[in-house]
Every structure is written in C-alpha cells, then in structure tokens.
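These notes are about the structure you will find just below.
The values are calculated or read from the model by the stated rules, or taken from the named source; none is laboratory data. The structure presented is a predicted model; accordingly, all values stated were derived computationally and were not measured. Heads up, the Cβs are rebuilt from the backbone with ideal geometry, glycines too, and the neighbour counts pull from every protein chain shown.
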Amino acid sequence: MKKEETMLLLQECDAGLKMAISSIDEVLDTIQNQEFKQLSIDIKNRHQKLKEEVDYLLKKYEIKEKEASLMAKSMSWMKMNFKIAMDHEDSTVASLLFQGCAMGVESLYHYLHVYQEAHSKIKDIALKLIKIEEDYSEQLKNYL
C-alpha cells in the first residue's frame, strides 16, 4: 500500500461525491414525476452518507479535500441548465443524470486502475460509489 495513492484515490472519491450531490441538487426542483424525484432524493442521501465516511477519513488522516475543477463544474452547470431550459421534460433530466453517472463510473474505474496500491478500505469506498452510480443509472432508464 502506498500512502500517496491512498490519499489521491480518497480525494477523487470526495470530488466525485461532491459532483454527484451537486448535480442532483441542481435538477431536483425541475423533476416533475414524484417517483423520479424520490429516487433522486434517496440516491442523493446514499451519496451524502458515503460522503460522511469520506469526510471522516480525510479529517482523520489530515488530507485536503479535492474540489472538482472549476472548468468541469462550470461546464456541467451550463450544459444542465441549457438543456433543461430547452426541454423541461423529466427524460431530459434523466438523460443528463445518466450521462453524469456514466462519466463518474468511468473516472472511478480509471482511478482504481491508476492507484492500484491504495489501501483496500479506500478502494472499497470507490467501489461503493461505483455501485451507487450504477444503481442510479439502471433506475434512470425508466425515465429516459
């Protein structure tokens, strides 16, 4: 196990969780279907619970949080708001969230490969986050 790889993977999980929570918050008020809205709230809560675990570990090991890049956050915000402004349908929101989940899963698998020497506990956190994203993606298909 390499301490640096453990730290970097934990930071990537943190950034991914922040991005996911922020994205769901961004669209929650635009979702019209109550089942879809409740699903999104439940998934956000799962993200927040895992974020609490990550926050504890960051604090415990005195690791700085990692923010998603300002460019990534800005581009995500602009894309979401533009598409939703053009089409207020739940299928548009579901599509945007589905794409975000796919990007998150791809990134996390990439970082698991890059940081192979990270501590197994942090790898497990990354895998939990992947599972949340995959579960959400599967359920989002019902709203596309």
- One residue from ALA94, ALA118, ALA102 being of a type in the set (A, V, I, L, M) and in a loop (DSSP other than H, G, I, E, B): ALA118
- Considering residues of segment 126-141 that are closer than 12 Å to LEU50 by Cβ and touching a helix residue (DSSP H, G or I) at 6+ places or on another chain (Cβ under 7 Å) only, the residue surrounded by the most Cβ atoms within 10 Å (Cβ to Cβ): GLU133
- Message: Need the failing condition index for LYS123 against (1) farther than 30 Å from GLU4 by Cβ; (2) surrounded by 14 or more Cβ atoms within 10 Å (Cβ to Cβ); (3) over 15 Å from the mean Cα position of the chain (by Cα), just the number.
- Response: (1)
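A quick yes/no check of all residues on (1) among the hydrophobic types (A, V, I, L, M, F, W, C); (2) over 22 Å from HIS113 (Cα atoms); (3) surrounded by fewer than 19 Cβ atoms within 10 Å (Cβ to Cβ):
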residue	(1), (2), (3)
MET7	yes, no, no
ASP14	no, no, no
SER22	no, yes, yes
ASP29	no, yes, yes
SER40	no, yes, no
GLN48	no, yes, yes
TYR61	no, yes, yes
- Which one of the conditions (1) free of Cβ contacts under 8 Å to residues at least 24 places away in the same chain; (2) closer than 26 Å to LYS2 by Cβ does GLU133 fail to meet, given that it meets all the rest? (1)
- Test GLN34 against the criterion of being on the phi < 0 side of the Ramachandran plot and at pLDDT below 95, and give yes or no. no
- Query: Of the residues ALA85, ALA72, which single one is surrounded by fewer than 18 Cβ atoms within 10 Å (Cβ to Cβ), modelled with pLDDT under 70 and within 21 Å of SER137 (Cα to Cα)?
  - Reply: ALA72
